[in-house]
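The values are calculated or read from the model by the stated rules, or taken from the named source; none is laboratory data. What you are looking at is a predicted structure, and each value in this text was computed from that prediction instead of being measured. Methodologically, a virtual Cβ is constructed for each residue, glycine included, from the backbone with ideal geometry; neighbour enumeration extends over all protein chains shown. Note: areas computed on protein heavy atoms with side chains; ligands, DNA, RNA excluded. Shrake-Rupley method; radii C 1.70, N 1.55, O 1.52, S 1.80 Å.
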Amino acid sequence: MALRVRLRLLIEIMGAKPVLSDVSTVTTSLLLVLAVSVPLGWITPLSVLVSAVLAVAVGLLVTILTWTVRPPAQPPVRTGTTPVLTGTSIGLGALSATILLATFGGDRLHAFDGGIVLLTLASLWWRESLRLRTYADLVQKLSALATTDPLTGLGNRRALAAAIEHDLLGGHSVTVITVDLDHFKDVNTLLGHHAGDDLLAAVADALRREGGALRTFRLGGDEFAVLAIGTFAKAVELGHRLLARVNDVARSLPGTGQVDLSASAGIAHRPAGSPELPDAVLLLNRSGEAMRAAKSSGRDRMVTFDDGLARRQHRLDAVERRLRAAVADDGVALHVQPVVDLQRLEMVGGEMLARWFDDELGFVPPDEFIPVAEDRGLIVELGLQLTRRAMSLWQDSGAAARGLSGGINISVAQLRRPGFAAQVADLLDELELEPGRIVLEVTESLQIEDDDPAVGALWQLSDLGLSVAMDDFGTGFASLGLLTRLPLRVLKLDRSLTSQLGDARGSAVARAVTEMAHALGIDVVAEGIETAEQLAAAQALGVGFGQGWLFEKAVPPERFTELMREPDWVRRQVARAASPLDVRN
């Protein structure tokens, strides 16, 4: 009976769950040794109590030693001291138990019982070793997951930053080549996300073969980076080869011939021995800025970060710094550009546009600070401020009471934010503003896919009674698809189309878009009307509404309020344009 108890206890020890701390390890070892001996009547209940107290004392002592050698915040697998200390704690516990048994039991341990004790200690040691080995494997796997891109198997941005820092600290020449695919979103739109993943994997493999497995990284999305070794001239040659490999992959994959695929690259270099010691983040930012410059200058090319780009980067940093202060102080203003009924030549609404004058930078145009707000994570906060102020302006100025429609520009980032539609509904209730008087304008160049949360938000806003307008129509890729997927009530022709109304081809495109929009029950607004000839052409095409400098530029709210009180100001502006114009009654 005693033998079965001992063996069963040993089996339970071998399969027991890992101990949670060094204290529990000591306590467990002592109590297990005592549990083997108590059934034989070797010791009294008093000795059991004394043994338990001593077990806790020894455990606390060993734990204090462990924490002194290894700070609690540091993983034990990195120190190499925990296995020794754990084994020491078990040994101390066993030794204490043996002394107590001999002292209070008044008898010696038999050889068989000593073997049981040794097997117990060995099982505990094995269990602790297994636990530490498992922990080390887990740490290694988690570390790999934290630094490896799961789709391509390349290192991620964190791994690249670590590699750059390693080379910088070593005093080596460091060159970062950032590669971004051109028109990659079109692959997802036309061929599906599976085709996009296949393309990314193929591009990663091509870049890996050219740049080396340990020097090639995926930064996210369709953006990759290669950490080049050697001189800057060799890095430039490598960059051109990388672009060529991407183009080869784009031509080889099935279906990608439908898309104008290419790649743009940016290079940032820090020579060995340079007095400037940029960190990894700065070097990555520079290569990324060079890559964006390559895209803006025509794509399918490579640009090197130089003094010109450095000045541009300095300007962007200054704009970001001052814009953050302006957002905190609610310092971005609103101006209003009138929207006119082209047939009746009467003002029917206005588009509220952001304007920013900074004490340090002077006037900063929207096409400069809005992209900075989008890239630097300020657009949601800024957009919410301007939305609130625009709605308040439209209500307080009396424009809503006069039946005028107020256009407010909304970014896709705002639409993707959970609860945005509810925020707008709360603003409408707070201001007691009729939803039908507000038009939310979303730019068409920011492509929205079917599963995008922005689509659902637009439908929710439409259900509230607000109108949705597609701004800058004609500048993006998926224009026609957006007409059927979004709850559009207004279509705003981009000024690039308006400027071509005098041309036969441009007029034909504008006529087709206008007729299609009218067939879908969508009003058309021509943006950027600047001449009487453009006005006449828009009238002839049946475009219902327009805005532009021919009528009035974006003006402060006070001036817009004055225009509301002048019913004939549009006709006077048109008549002043010095043209043989059909001014309709």
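Structure notes:
- Condition met for residue 218 (at pLDDT 90 or above and surrounded by fewer than 17 Cβ atoms within 10 Å (Cβ to Cβ)): no
- Given (1) surrounded by fewer than 23 Cβ atoms within 10 Å (Cβ to Cβ); (2) under 21 Å from residue 330 (Cβ atoms), number of the condition residue 394 does not satisfy: (1)
- Pick from the range 370-429, criterion outside any helix (DSSP H, G or I) and among the β-branched types (Val, Ile, Thr), ranking: modelled with the lowest pLDDT: 410
- Any hit, the range 302-316, residues being farther than 29 Å from residue 492 by Cβ, under 26 Å from the mean Cα position of the chain (by Cα) and touching a residue at least 60 places away in the same chain (Cβ under 8 Å): yes
- The set of residues in the range 552-570 being surrounded by 17 or more Cβ atoms within 10 Å (Cβ to Cβ) and farther than 17 Å from residue 406 by Cα consists of 569, 570.
- Residue match in the range 527-541 (condition: of a type in the set (D, E, K, R), part of a loop (DSSP other than H, G, I, E, B), buried (at least 18 other Cβ atoms within 10 Å of the Cβ) and in contact (Cβ under 8 Å) with a residue 40 or more places away in the chain): yes
- Number of positions in the range 146-161 that are surrounded by 11 or more Cβ atoms within 10 Å (Cβ to Cβ) and free of Cβ contacts under 8 Å to residues at least 40 places away in the same chain: 3
- Failed item in (1) more than 24 Å from residue 442 (Cβ to Cβ); (2) among the polar types (S, T, N, Q); (3) modelled with pLDDT of 95 or more, with residue 337 passing the rest: (1)
- Selection within the range 287-314 - closer than 15 Å to residue 236 by Cβ, in contact with an Asp or Glu (Cβ under 6 Å, 6 or more places away or on another chain) and assigned to a loop (DSSP other than H, G, I, E, B): none
- Failed item, numbered, when residue 563 is tested on (1) under 27 Å from residue 486 (Cβ atoms); (2) in a helix (DSSP H, G or I); (3) touching a residue at least 12 places away in the same chain (Cβ under 8 Å): (1)
- From 513, 455, residue being among the β-branched types (Val, Ile, Thr), in contact (Cβ under 8 Å) with a residue 40 or more places away in the chain and assigned to a helix (DSSP H, G or I): 513
- Filtered by the rule that a residue be part of a loop (DSSP other than H, G, I, E, B) and among the acidic types (Asp, Glu), the range 344-369 gives 359, 360.
- Pairs where the first residue, in the range 335-358, is within 17 Å of residue 407 (Cα to Cα) and the second is open to solvent by 10 Å² or more (accessible area, probe 1.4 Å) and basic (Lys, Arg), C-beta under 9 Å, 6+ apart: 335/355; 335/553; 335/559; 336/559; 337/553; 346/571; 349/437; 352/389
- Residues of the range 303-323 that turn out to be surrounded by 19 or more Cβ atoms within 10 Å (Cβ to Cβ) and within 22 Å of residue 172 (Cβ to Cβ), as a count: 2
- Single residue of the range 406-435 satisfying the filter (small (Gly, Ala, Ser) and closer than 14 Å to residue 353 by Cα) that is surrounded by the most Cβ atoms within 10 Å (Cβ to Cβ): 407
- Picking from residues in the range 493-510 that are polar (S, T, N, Q) and part of a helix (DSSP H, G or I), the one that is surrounded by the fewest Cβ atoms within 10 Å (Cβ to Cβ) is 496.
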